[in-house]
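Chemist: Pasting a structure here, questions to come.
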Amino acid sequence: MKPVSATPVSFVRMILLAYERYGADPAAALAKAHIAPDALQRPDGAVTSGQFQVLAGEAMRELDDEALGWFSRRLRWGSYVMLLRASLTSPNLGVALRRWLRHHNLLTDDIMLALSVADGLATVTVAERRLDPAVREFCLVTLLRNIHGISCWLVDSHIALQETAFPFAPPAHAAVYPVLFPGSVRFAAAQAVLRFDAHYLALPLRRDDKALNALLPQALALVVRQYRRDRLLVQRVRTLLQSQVVAANANALADALHVSPRTLHRQLQEEGASLQVLKDEVRREQAMEALCRTRRPIKQVALAVGFRNEKSFARAFRQWTGESPAEYRRKAAVDPA
């Protein structure tokens, strides 16, 4: 596939500001990234993620600042690898992410990063203390992309974002934000925020020093790479089906999960499941619960778990358990509800 130019050229200009701040010449880095000087003059210009990755990597090494001039002091080359290495021994993503954020706070006083959990959502916040307005957007966008990418890499899973918020008005290139942060994107917020299902925090880490060493030559890919495999997808689909808040069809479920129906089916397949299998599992569990715990007529149970009539329910139930609903209920010795 031909690379798509989607990274705003304004982000390239932010890197050039870092060169200016340190009195360095960006010509060699621009040439290595194959970014022509005249491309920087187009207000609506864009480069590919690959070009941007090369430019950012060259700038970080040449300027010896992985923060690219955002903060009042340099983040020396290797700072982010150090943070990542210090998190690798964590038992799960929650511990690893808290370590990473806490250690980042030791490197600079210009921002403070924090992780909180409430109402089933994990929230990463960026509290600003002093940021140059000229690079503020670039700093916050890159930080949140970095945090998201690192989290995905640590558990080797796509982490679906529920919301990303920024404390500034929509920029001219706002259309690229849903590409950078799939899910709900909000501007003019009180502070920069990244939110996702808190269940991801319990996932065990799948990376070690060997994996980190293999990553190092392409570490910046974490900022631009979107993981496809979602290790929590099966659980999240099952929860939606159980809640019955969302219709049990691919379009409605995909919309609730902020993915396309095609992506939903593909990712379920990668997890060794299918939507029909999950629907059957949930209906079986709900049916068995209703038969064991209540005296509701079997016809009502059938309708409640999504069958059109008692006959189709009985046929499916026998395939699941080898028994009819009535036989299963008798053996369960139900107490009156």
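Chemist: What number of lysine-lysine pairs in the chain show an alpha-carbon separation below 22 angstrom, given a sequence spacing of 8 or more or placement on distinct chains?
Modeler: On the way: 2/32; 279/299; 279/311; 299/311; 299/331; 311/331.
Here the count comes out as 6.
Chemist: Separate question: Considering amide H positions built from the backbone, and no H for Pro or chain starts, which residues 5 or more places from residue 203, or on another chain, come under 5 Å of its amide H?
Modeler: 93, 94
Chemist: Considering only 307, 11, 138, give the residue with the highest GNM mean-square fluctuation for the chain, with springs between Cα atoms whenever their separation is below 10 Å.
Modeler: With Cα springs under 10 Å in the chain, the top fluctuation among 307, 11, 138 is at 307.
Chemist: Ok, one more. Once the Cα atoms of helix 93-107 and of the chain are each reduced to a long axis, what angle between those two axes, in degrees from 0 to 90 to the nearest 10, is obtained?
Modeler: Helix 93-107 and the main axis of the chain meet at about 20 degrees.
Chemist: I would also like to ask the following. Let's test the formula: R0 of 51 Å, r as the Cβ-Cβ distance of residue 110 and residue 324. What FRET efficiency results, to the nearest 0.05?
Modeler: On the way: r = 68 Å, r/R0 = 1.33.
Given R0 = 51 Å and the Cβ-Cβ separation, E is 0.15.
Chemist: Could I ask something else about it? Taking only C-alpha pairs under 8 Å that are 6+ residues apart, what is the relative contact order of segment 233-273 in percent?
Modeler: Contact order relative to length: 36 percent.
Chemist: I would also like to ask the following. For the chain, set up a Gaussian network in which alpha carbons nearer than 10 Å are linked by springs, and say which option among 142, 123, 294 fluctuates the most.
Modeler: Maximum among the listed residues: 294.
Chemist: Oh, and also: How much mean residue ellipticity at 222 nm does the chain get from its helices, if each DSSP H run of length 4 or more adds -39500 (n - 2.57) and you divide by all residues, to the nearest 500 deg cm²/dmol? Don't skip to the answer; put the middle values down first.
Modeler: Working: 16 runs with 168 residues, N = 337.
Here the helix-only value at 222 nm equals -15000 deg cm²/dmol.
Chemist: Which of 170, 297, 325 moves the most in a Gaussian network model of the chain with Cα springs under 10 Å?
Modeler: Ranking 170, 297, 325 by mean-square fluctuation puts 297 first.
Chemist: Given charges of +1 on the Cβ of Lys and Arg and -1 on the Cβ of Asp and Glu, with all other atoms neutral, how large is the dipole of segment 1-63 about its Cα centre, in debye to the nearest 20? Present the calculation step by step, with values, prior to reporting the outcome.
Modeler: Working: 6 positive and 6 negative charges, 31 e Å.
The calculation lands at about 140 debye.
Chemist: Take the alpha carbon gyration tensor of segment 1-90, find the square roots of its eigenvalues, order them as a ≥ b ≥ c, and report rounded if a/c is under 1.5; if not, report prolate when a/b exceeds b/c, else oblate.
Modeler: Since a/c reaches 1.5 but b/c is at least a/b, the shape of segment 1-90 is classed as oblate.
Chemist: Mind giving me the FRET efficiency for residue 13 and residue 235? R0 is 30 Å, r the Cβ-Cβ distance, nearest 0.05 is fine.
Modeler: So the FRET efficiency works out to roughly 0.10.
Chemist: How many nm separate the modelled label positions at residue 189 and residue 295, each set 7 Å beyond the Cα in the direction of the Cβ?
Modeler: In this crude spin-label approximation the distance works out to 5.2 nm.
Chemist: Given Cα pairs under 8 Å that are at least 6 residues apart, what percent is the relative contact order of the chain?
Modeler: This gives 12 percent for the chain.
Chemist: Under a 5 Å amide H to amide H cut-off, with H placed in plane at 1.01 Å, what residues pair with residue 168 once short-range neighbours are removed?
Modeler: Amide H neighbours of residue 168: 188, 189.
Chemist: Quick check: pseudo-label points 7 Å beyond the Cα along Cα→Cβ at residue 76 and residue 88, how many nm apart are they?
Modeler: Going by the 7 Å Cα→Cβ label model, 2.0 nm.
Computed from the coordinates by the stated procedures, all read-outs in this text should not be read as laboratory data. Here the structure is a predicted model, which means the values were calculated and not measured. Cβ sites come from the backbone with ideal geometry, for glycine too, and all protein chains shown count toward neighbours.
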